[in-house]
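What follows is a set of notes on a single structure, which appears directly below.
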Amino acid sequence: MAEKTPGSVTMEKIVSLSQRRGFIFPSSEIYGGLSSCWDYGPLGVELKQNVKQAWWRNIVQGRDDMVGLDASILMHPQTWAASGHLEQFTDPLVECKSCHLRWRSDEVADNRCPSCGGELTEPHLFNLMFKTFMGPLEEEANVVYLRPETAQGIFVNFQNVLTTTRKRLPFGIAQIGKAFRNEITTGNFIFRSREFEQMEIEYFVPPETADKWFDYWLEERRQWYLSLGIREENLRLRPHSKEELAHYAKKCYDIDYNFPMGWSELEGIANRGDYDLAQHAKHSGKEMTYFDEESNEHIVPYIIEPSAGVDRSVLAFLCDAYGEEIAQGELRAVLHLHPSLAPYKVAVLPLSKKENLAKAAREVYDDLRPCWMVHYDDTQSIGRRYRRQDEVGTPYCVTIDFQSLEDKQVTIRERDSMNQIRVPIAALKETLAAKLAGEDLFVLPEGGQIWKEEGK
Ligand code: GAP
């Protein structure tokens, strides 16, 4: 590493680390990449799955007022007429008369091209939905759209879920899935892309309680990011102005994260009122109501929608976790990822490649793998191997040395403190389980010892 003094996080460092260590690659890179599309590599896919799993556990598994759904990406085209996306899901597009680059007119100042300063055309409205055709004939009657939000899959299944689960208000339907938007301007790595994933909740409530539930979800969702290690000072809540509100929203707040390029939206919490259910009832001719047994009336519930981006969450977790410090006279880059998000929970490192040590280390590795994603590394010096694991956020390294063959003990080294403890192999799994669950590192199993890695 050329730089010798610890610096702060930048987008360049995150992009470089992501590519170098196999978190995120440009899509179809061998052909020069595809603008604003990204592939998650071996470590990235683990991190992304862990983010989704943490959300699902918290939102679906952990609550009895929530059920899950996995709707298809392609939906009946009437969906988008009813939802208002065909008419309203547009951005104002302008083109530079000199260099022909295209921009969103609300993102340029003084009607001049941000790239060459040229004059811009008058804005025209550009629909952000990707269009394709169902079946072999490319004609208007066969047009379908790639969904621009997962939410509509939930609304059109409202009655199906209600009748099959017999849920009572308030209750929610949660979904994780891909969404597509033909964004005019993309960029900032995975922050704004044309293919991305959303984690959406549609929470159905009696209309008169909508404000209370809106406030509840705003705080609940903020707490989720904090519980996974995002620093409080890097989150803020921002209300939408009237002009900014989406066509379906009565009220909306963004949970913004302080990304390296500045404060930007991580998640939106909207009060969608009865807009969606009423629109789908009108366009489909089907009943989209809930029978309230207390009042003996059919009502159209209001919907509170916490809508988060998976990719933006991954980016926020990476940025927030990234740190640099001097350890043993060298710059060490560390991802202080929450253990539940870290791609690998444990790395098994034999001190040498000698056969008897390798055999013992392999046994430990095989024993731990059914429990967690575990990495095995026997190349280069132990110091270098620790640094490599620090850089990808592995919370614990287990080192097997020659003494391990005698005393049947191994060393556990912790990423953040660089503390090391020695524990019996027989107690390794239970010790790691306790540590990964957040229990104190200094609570040792019987026969354990603790010391500090030199240089910190
Ligand atoms: N159903 C409501 C909805 O889709 P949104 O604010 O347009 O609301 C919700 O999107 C979340 O989806 C955003 O907060 C962001 O995290 C993510 N998102 C939206 N557009 C995105 C894009 N082009 N690239 C990556 N993530 C995006």
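The values are calculated or read from the model by the stated rules, or taken from the named source; none is laboratory data. Since we're looking at a predicted model, the values are computed, not measured. Every residue, glycine among them, receives a Cβ derived from its backbone with ideal geometry; neighbour counts consider all protein chains shown.
More than 30 Å from Q279 (Cα to Cα) and surrounded by 17 or more Cβ atoms within 10 Å (Cβ to Cβ) - does that describe any residue in the stretch 79-94? Checked against the condition, which is being more than 30 Å from Q279 (Cα to Cα) and surrounded by 17 or more Cβ atoms within 10 Å (Cβ to Cβ), the stretch 79-94 yields at least one hit. At pLDDT 95 or above and either within 11 Å of the ligand (Cβ to nearest atom) or closer than 24 Å to D91 by Cα (or both): is that true of M261 in this structure? So M261 fits the description; yes. Pairs are defined by a Cβ separation below 9 Å, a sequence spacing of at least 6 or placement on different chains, a first member in the stretch 222-246 that is under 20 Å from K48 (Cβ atoms), and a second member that is in a loop (DSSP other than H, G, I, E, B) and among the small types (G, A, S); the pairs so defined are L228/S340. Looking only at helices (runs of 4 or more DSSP H) that lie completely in the stretch 1-88, which have at least 1 residues being more than 18 Å from the chain's Cα centre (by Cα) and of a type outside the set (S, T, N, Q)? By residue number, 11-20, 78-83, 85-88.
Among the residues making up the stretch 373-404, those that are in contact with a Leu (Cβ under 7 Å, 6 or more places away or on another chain), in a helix (DSSP H, G or I) and touching a residue at least 40 places away in the same chain (Cβ under 8 Å) are E391, V392, F402.
Scanning the stretch 290-306 for residues that are surrounded by fewer than 21 Cβ atoms within 10 Å (Cβ to Cβ) and either on the phi > 0 side of the Ramachandran plot or within 16 Å of the ligand (Cβ to nearest atom) (or both) returns a single hit, N296.
Residues in the stretch 82-100 that are within 13 Å of P148 (Cα to Cα) and among the hydrophobic types (A, V, I, L, M, F, W, C): L86, F89.
Examine the stretch 309-323 for a residue that is assigned to a strand (DSSP E or B) and within 15 Å of the ligand (Cβ to nearest atom), and state whether such a residue exists. Among the residues of the stretch 309-323, at least one is assigned to a strand (DSSP E or B) and within 15 Å of the ligand (Cβ to nearest atom), which makes the answer yes. Condition test on R332, is it in a strand (DSSP E or B), in contact (Cβ under 8 Å) with a residue 12 or more places away in the chain and basic (K, R)? Here the answer is yes, as R332 does meet what is asked. Scanning the stretch 414-429 for residues that are hydrophobic (A, V, I, L, M, F, W, C) and assigned to a helix (DSSP H, G or I), which turns out surrounded by the most Cβ atoms within 10 Å (Cβ to Cβ)? My answer is L428. For S193, the test of being within 16 Å of the chain's Cα centre (by Cα), among the hydroxyl-bearing types (S, T, Y) and either within 16 Å of the ligand (Cβ to nearest atom) or buried (at least 21 other Cβ atoms within 10 Å of the Cβ) (or both) is passed.
Scanning the stretch 234-258 for residues that are more than 10 Å from the ligand (Cβ to nearest atom), assigned to a strand (DSSP E or B) and either more than 18 Å from F317 (Cα to Cα) or of a type in the set (A, V, I, L, M, F, W, C) (or both) yields L235, L237, R238, P239, K251, Y253.
So, in the stretch 307-330, exactly how many residues are modelled with pLDDT under 95 and in contact with a Gly (Cβ under 8 Å, 6 or more places away or on another chain)? Total meeting the criteria: 3. Within the stretch 128-177, the set of residues being more than 29 Å from the chain's Cα centre (by Cα) and either within 16 Å of the ligand (Cβ to nearest atom) or among the hydroxyl-bearing types (S, T, Y) (or both) comprises T163, T164.
Does E287 qualify as being away from the ligand (no atom under 14 Å from the Cβ), more than 25 Å from E200 (Cβ to Cβ), surrounded by fewer than 16 Cβ atoms within 10 Å (Cβ to Cβ) and not hydrophobic (A, V, I, L, M, F, W, C)? The answer is no for E287. Looking at the stretch 353-409, which of the residues that are surrounded by 13 or more Cβ atoms within 10 Å (Cβ to Cβ) and among the polar types (S, T, N, Q) is farthest from G448 (Cα to Cα)? Only one residue tops the list, namely Q389. Taking the stated definitions as given, is N271 near the ligand (Cβ under 10 Å from one of its atoms) and within 23 Å of the chain's Cα centre (by Cα)? When the stated conditions are applied, N271 does not pass them. Looking at this structure, is H298 without any contact (Cβ under 8 Å) to a residue 40 or more places away in the chain and not aliphatic (A, V, I, L, M)? Against the criterion (without any contact (Cβ under 8 Å) to a residue 40 or more places away in the chain and not aliphatic (A, V, I, L, M)), H298 qualifies.
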